[in-house]
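To keep things clear, I will list the structure first and then write my remarks on it.
Each reported figure results from applying straightforward, stated rules to the coordinates on display, with no laboratory input. All figures in this text were calculated on a predicted structure; none of them were measured in a lab. Positions of Cβ are generated from backbone atoms using ideal geometry, with glycine treated the same way; all protein chains shown enter the neighbour counts.
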Amino acid sequence: MGFGRDAAGRRTRRRPDRARLHAQSVAHLDDQALGDLATHARDARQRGRIAGDFVEKPLLSREGANVTIHAGGRTIAADGEYGAEGRIYQAYAPIPRFGDDYVTIGSWIVGDEPAGIGMREDASPITRNTSRFVPHYFL
């Protein structure tokens, strides 16, 4: 988040343009770099460096799109439009479940200072853009 000023001159937070930020974060990656990352991720999985349950993710995506969890003999997948650039693989680390909801904690840092913490809740272990946001603490 950036900062701005309201009509009274008080410092306020502005929400970033997410699409612009996403484009800026991947602008430095060219086709060769993406290809190299995809090849490395595929080779690591094929060589068995990840034993047991794993998660498959697109190199570039957001909010759970095209994430697939392979765990306990089951597959849970989220739809989306990402993945043509390649995929990465990670060992599966289950998130906590409380009642019917899986909960993920997110935090924000502004400069060198903690600025907030929030929780995302969903009936699925894949956090998506439709997951409920539960603010917990903001500075």
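Of note:
- Proxy reagent accessibility, fewest Cβ within 10 Å first, across 110, 55: 110, 55
- A quarter of the convex hull surface defined by the alpha-carbon atoms of the stretch 46-113 gives 7.1 nm² as the mean projection.
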